[in-house]
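Asker: Please read through the structure below; I'll follow up with questions.
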Amino acid sequence: MYKNVSIKYALDWTTVFLYVVLVVMGWVSIYGASYNFDQASIFDFSQRAGKQFIWIMTAFAIGGVLLLIDAKMYNIFAWFIYIGAVLLLIITIFVARDVKGSRSWLVMGPVSFQPAELAKMATALALSKYMSSYNYKLKEWKDLFPVGLIIFIPFILIVLQNETGTALVYLAFLLMLYREGMNGIILLIGTFAVMLFITIIKLSIVPIQVDHGTLGMILGMSLILLVQFVYAFFLGRDRREAVFLLLGVVFIGIGSYILNIWYHLNYNNVAIFTVVVSCIYWMFIELFNRYKKYWFLILFSLGSVVFSFSCDYLFTKVLEDHQQVRIKVLLNMENAPLGAGYNVNQSKIAIGSGGFWGKGFLNGTQTKLKFVPEQDTDFIFCTVGEEHGFVGSTLVLFVYWLLLMRILKIAERQYDPFSRVYAYCVSSIFFFHLMINVGMVLGIMPVIGIPLPFFSYGGSSLWGFTILLFTLLRLDAAGSERMR
């Protein structure tokens, strides 16, 4: 499948250049974020910039070693690497020390590392191995179950380490599955679930009348009915039935309003009743016309009703208190400028104060006075915004865009399914990290504590992203030579 090749000629040097540029920019940003007037040298190993330099040198060494490994070894040992990563995650749950409420860091002498960062590459290899097996096609639901299990195992183990933010990164693999043929309806269902969750949670505190229901549940059920109408009218092309549905909903709404004059009605129950009646309506249409196009809509609607009931449980019982507060702050349900919203507020102040050109390197007041917590790790992007302004922030994002486009180009030119699937895994992970990290710094995404690739301080994340990228470069080099 692969040939030993001369890396000098087969390696994608453009990607290597972009990697080095981002790593150096990140190192300089860490220096700016953690600058100490008394210890001003960027090579002071007692400071974070100096320590990051060591991580960078070791990352370069790791990248070099990965390029020297025979490319076929990644395919041969994919399952062994995945099983090893899973075992390491299990061990971490029991032996890791508690750090800010999570048990996700293993300590080996002077070095601490997070196995969850390395498990991303292992999961990507396992997915590539399975999906490149003979005659595998991602066409039916039964084909999705094994790959879903591969993703779910490390996901749940990382959740058990109380690292929900890191675990959410594994949802990025859905983008790869979509590119490889997964039905897009799954992504639409996921998007709808998020919309339903936000609607119900955000508006659950808004009563229609006292003891008459909440706006959140009523709007949630209305969204389900809207999906039914759009599906029937535009996709099913049964416009008469769709109009009858709309008229029925209006009739039930007016009738319940009139009945409420004499009887005490709970509008939440009325809304749920309307969705159930609509499902019965579509069921009769299926039976009488012998269609086979509305059963999915019926199951989707009933499942959405069940999910709506579970939203409150998921929010109050599954999520930790600090996670609940972060979501409330994001949705403007709670104003906590000195509490959970402090990080984001200070980050937005820092970015806004940078203006168009920025305050200049090492001249950021928010940064130098340590107003932004975690400013050299999760919130490193605010340092870029304050010191280099809109221009510098745009430049950084542009380099990231170039890297993502380059990775996608590498993916598209792969003839070997193993390398292609792995490339899409890498691009999905990078995109997810970039979107969530920059989004949470700007206050448009919840704060879930994931690093910005190659920028955030820390060896685990830098090593993890380096291993992801250079494994891809090695596979691409082998594939490129095979096509010569």
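Read the figures in this text as sums done on the coordinates, not as results from a lab. This structure is a prediction, so every number in the text was calculated from the model and none was measured. Cβ sites come from the backbone with ideal geometry, for glycine too, and all protein chains shown count toward neighbours.
Asker: In whole angstrom, note down how far apart the Cα centers of segment 106-174 and segment 271-292 are.
Answerer: A separation of 39 Å, based on Cα centres.
Asker: Sorting 199, 191 on the 10 Å Cβ count, fewest up front, what's the list?
Answerer: Working: 199 21, 191 10.
Going from least to most buried by this count: 191, 199.
Asker: Can you tell me the orientation of helix 141-160 relative to the chain, as the angle in degrees between its alpha-carbon axis and the longest Cα principal axis, to the nearest 10?
Answerer: It is inclined by approximately 70 degrees.
Asker: What does the helix-only formula give at 222 nm for the chain: each DSSP H stretch with n ≥ 4 adding -39500 (n - 2.57), the total divided by the residues, and the result rounded to the nearest 500 deg cm²/dmol?
Answerer: Details: 20 runs with 325 residues, N = 484.
Computed ellipticity for the chain at 222 nm equals -22500 deg cm²/dmol.
Asker: While we're on this one: Quick one: 3J(HN,Hα) in Hz for segment 46-59, Karplus 6.51/-1.76/1.60 with θ = phi - 60°, rounded, Gly and Pro as x.
Answerer: 8, 9, 5, 5, x, 5, 5, 4, 5, 4, 5, 5, 5, 5
Asker: Express the relative contact order of the chain as a whole percentage, based on alpha carbon pairs under 8 Å and six or more residues apart in sequence. Provide the component values of the computation, followed by the final result.
Answerer: Working: 625 pairs, mean separation 121.7, N = 484.
Worked out over the chain, it gives 25 percent.
Asker: Round to the nearest 0.05 the FRET efficiency obtained for residue 133 and residue 262 when R0 = 51 Å and r is the Cβ-Cβ distance.
Answerer: Numbers: r = 65 Å, r/R0 = 1.28.
Efficiency for this residue pair is about 0.20.
Asker: Follow-up. How would you rank 379, 53, going from fewest to most other Cβ atoms within 10 Å of each one's own Cβ? Mind showing how you got there, number by number?
Answerer: On the way: 379 26, 53 18.
Ordered by Cβ neighbours within 10 Å, fewest first: 53, 379.
Asker: Helix 78-95 versus the longest principal axis of the chain: what is the Cα-based angle in degrees, 0 to 90, to the nearest 10?
Answerer: 80 degrees
Asker: Take the alpha-carbon centre of segment 429-484, take the same for segment 359-373, and report the distance between them in whole Å.
Answerer: Taking the Cα centre of each part, segment 429-484 and segment 359-373 sit 26 Å apart.
Asker: What do the square roots of 5 times the Cα gyration tensor eigenvalues come to for segment 206-327, in whole Å, largest first, as semi-axes of the equivalent ellipsoid?
Answerer: Values: eigenvalues 162, 87, 24 Å².
Taking √(5λ) for each Cα gyration eigenvalue gives 28, 21, 11 Å.
Asker: Can you tell me the orientation of helix 342-353 relative to the chain, as the angle in degrees between its alpha-carbon axis and the longest Cα principal axis, to the nearest 10?
Answerer: 70 degrees
Asker: If you don't mind, another one. Along segment 107-121, what does the Karplus equation 6.51 cos²θ - 1.76 cosθ + 1.60 (θ = phi - 60°) give for ³J(HN,Hα), rounded to whole Hz, x for Gly and Pro?
Answerer: 10, 10, x, x, 10, 10, 9, 10, x, 4, 5, 6, 5, 4, 5
Asker: Can I ask one more? Of the peptides 421-427, 57-63, how do they stack up when ordered by the mean number of other Cβ atoms within 10 Å, highest first? List each step's numbers first, then the result.
Answerer: Details: 421-427: 27.3, 57-63: 15.4.
Final packing ranking: 421-427, 57-63.
Asker: Could you calculate the FRET efficiency of residue 409 with residue 191 from 1/(1 + (r/R0)^6), where r is the beta carbon distance between them and R0 is 25 Å, rounded to 0.05?
Answerer: On the way: r = 27 Å, r/R0 = 1.08.
That gives a FRET efficiency of 0.40.
Asker: Averaging sequence separations of C-alpha pairs under 8 Å and six or more residues apart, then dividing by the length of segment 206-327, give the relative contact order as a whole percent.
Answerer: Numbers: 78 pairs, mean separation 31.9, N = 122.
This gives 26 percent for segment 206-327.
Asker: Filter 293/409; 202/348; 137/292; 72/142; 51/72 down to the pairs with a C-alpha to C-alpha distance above 32 Å, please. The partial results should precede the final answer.
Answerer: On the way: 293/409 38 Å; 202/348 23 Å; 137/292 24 Å; 72/142 29 Å; 51/72 34 Å.
Result: 293/409; 51/72 exceed 32 Å.
Asker: According to a simple spin-label model (label point 7 Å from Cα along Cα-to-Cβ), what is the distance in nm between residue 318 and residue 62?
Answerer: Modelled inter-label distance: 3.1 nm.
Asker: Can you list the residues of segment 36-79 with backbone N under 17 Å from a point 7 Å past the Cα of residue 111, pointing along Cα to Cβ?
Answerer: 51-67
Asker: Which length gain, in nm to one decimal place, applies between residue 44 and residue 370 when the Cα-Cα distance is subtracted from 0.36 nm times their residue separation? Present the calculation step by step, with values, prior to reporting the outcome.
Answerer: Details: separation 326, 0.36 × 326 = 117.36 nm, distance 1.94 nm.
That pair, residue 44 and residue 370, stretches by 115.4 nm at full extension.
Asker: Cα gyration tensor of segment 64-127, axes a ≥ b ≥ c as square roots of the eigenvalues: rounded (a/c below 1.5), prolate (a/b > b/c) or oblate?
Answerer: Prolate shape, in that a/c is at least 1.5 and a/b is the bigger ratio.
Asker: Please compute the length gained on full extension between residue 143 and residue 36, using 0.36 nm multiplied by the number of residues separating them and subtracting their Cα-Cα distance. Provide the component values of the computation, followed by the final result.
Answerer: Values: separation 107, 0.36 × 107 = 38.52 nm, distance 5.47 nm.
Stretched out fully, the residue 143 to residue 36 stretch lengthens by 33.1 nm.
Asker: Okay, next question. For segment 337-455, what relative contact order do you get, as a whole percent, if you take Cα pairs closer than 8 Å and at least 6 residues apart? Walk me through the intermediate numbers first.
Answerer: Numbers: 153 pairs, mean separation 31.1, N = 119.
Result for segment 337-455 is 26 percent.
Asker: In addition: What dipole magnitude, in Debye to the nearest 20, does the chain give about its Cα centre under +1 on Lys/Arg Cβ and -1 on Asp/Glu Cβ?
Answerer: On the way: 35 positive and 27 negative charges, 223 e Å.
It works out to roughly 1080 debye.
Asker: In addition: Hey, any idea what the orientation-averaged projected area of the convex hull of the chain's Cα atoms comes to, in nm²? Spell out each step's value before the answer.
Answerer: Values: hull surface 108.9 nm².
Mean shadow area of the hull around the Cα atoms is 27.2 nm².
Asker: Note the full-extension length gain between residue 401 and residue 156 as 0.36 nm times their separation in residues minus their Cα-Cα distance, in nm to one decimal. Please report the intermediate quantities before stating the final value.
Answerer: Details: separation 245, 0.36 × 245 = 88.20 nm, distance 3.06 nm.
Answer, rounded to one decimal: 85.1 nm.
Asker: If neighbour count is taken as other Cβ atoms inside 10 Å, put 82, 291 in order from fewest to most.
Answerer: Details: 82 23, 291 13.
Ascending number of Cβ neighbours within 10 Å: 291, 82.
Asker: Related question: Starting with the highest mean, order 128-135, 462-469 by the number of other Cβ atoms within 10 Å, averaged over the residues of each peptide. Kindly include the intermediate steps, with their values, before the conclusion.
Answerer: Details: 128-135: 15.8, 462-469: 23.4.
Top of the packing list down: 462-469, 128-135.
Asker: Once label points are set 7 Å from the Cα along Cα→Cβ at both residue 54 and residue 273, what is their separation, rounded to one decimal in nm?
Answerer: 6.9 nm
Asker: Given R₀ = 60 Å, what would the calculated FRET efficiency be for residue 283 paired with residue 24, taking r from the Cβ atoms and rounding to 0.05? Intermediate results must be reported in sequence, preceding the final value.
Answerer: On the way: r = 62 Å, r/R0 = 1.03.
Taking R0 as 60 Å, the efficiency between residue 283 and residue 24 is 0.45.
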